[in-house]
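Heads up, the thing below is written out as structure tokens.
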Amino acid sequence: MDYYINKTLKNISFEEGIERITEALKQEGFGILTEIDLKNTLKKKLDVDFYNYKILGACNPGFAYKALQAENKIGTMLPCNVIVQERTQGEIEISAVDPMASMQAIENEALGDLAQEVKIKLENCIKAL
């Protein structure tokens, strides 16, 4: 089982890839809570060069609230991470976590149903790109 949902876009900039997925997430009720620029972080902390790579922490408040009601430790797996990376110039890969894969370790039927709903929304985001 894959643990992510992804799509590669060609002939766009890295910034445009971020804008597109941010808008797609917004259309499905997600907001971006965190943004980690891995390229800059690795340069600052390790003085190494890395390609463009950002981790976006996406959250749908309604689903997060339902998940927290079903399992109070689920916050360890929130928000849903979405990555935007450019390993080859002009080729942007966007990947979202598959919440079904991450929820397998938790034996809570209510979470499984929620994870399926969130997966559908994230798949819609990736398809919309």
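Any read-out appearing in this document is the output of simple, stated calculations on the displayed coordinates, not a laboratory observation. Keep in mind it's a predicted model, so treat the numbers as computed, not measured. Cβ sites come from the backbone with ideal geometry, for glycine too, and all protein chains shown count toward neighbours.
Build a GNM of the chain with springs between Cα atoms under 10 Å apart, and of I18, I74, I83 the one that fluctuates most is I74. Sparsely packed loop sites in the stretch 24-129 (the trypsin sites (Lys or Arg not before Pro) outside DSSP H, G, I, E and B with at most 10 other Cβ atoms within 10 Å) comprise K73.
When the Gaussian network model of the chain links Cα atoms closer than 10 Å, the mean-square fluctuations of P61, P99, P79 top out at P61. The local environment of L111, defined by Cβ-Cβ distances under 10 Å, has a net charge of -3 under the rule Lys, Arg +1 and Asp, Glu -1. Listed by chain and number, the lysines placed with their C-alpha closer than 24 angstrom to that of K45 are K54; residues fewer than eight positions away on the same chain are left out.
What does the helix-only formula give at 222 nm for the chain: each DSSP H stretch with n ≥ 4 adding -39500 (n - 2.57), the total divided by the residues, and the result rounded to the nearest 500 deg cm²/dmol? Walk me through the numbers before you get to the answer.
On the way: 5 runs with 58 residues, N = 129.
The helix contribution divided over the chain gives -14000 deg cm²/dmol.
Using the beta-carbon distance between K7 and I36 and R0 = 25 Å, what value does 1/(1 + (r/R0)^6) give for FRET efficiency, to the nearest 0.05? Let's see the in-between values first.
Values: r = 21 Å, r/R0 = 0.82.
Rounded to the nearest 0.05, the efficiency is 0.75.
Here the stretch 1-41 and the stretch 51-122 have alpha carbon centers that stand 12 Å from each other.
Convex hull volume per residue, computed on the Cα atoms of the chain, equals 112 Å³. Just to be sure I understand: with springs between alpha-carbon atoms less than 10 Å apart, which residue in G112, G90, G17 has the highest mean-square fluctuation in the Gaussian network model of the chain? Ranking G112, G90, G17 by mean-square fluctuation puts G90 first.
Please state the relative contact order of the stretch 9-124 as a whole percent: Cα pairs under 8 Å, 6+ residues apart?
Working: 168 pairs, mean separation 31.5, N = 116.
Normalised by residue count, the contact order of the stretch 9-124 is 27 percent.
What the phi angles of the stretch 101-115 give under the Karplus curve with 6.51, -1.76 and 1.60, with θ = phi - 60°, is a coupling list of 5, 6, 8, 4, 6, 9, 8, 8, 4, 4, 5, x, 5, 5, 4 Hz, glycine and proline written as x.
Net charge of the neighbourhood of I92, taken over other residues with C-beta under 13 Å away and scored Lys/Arg +1, Asp/Glu -1, is -1.
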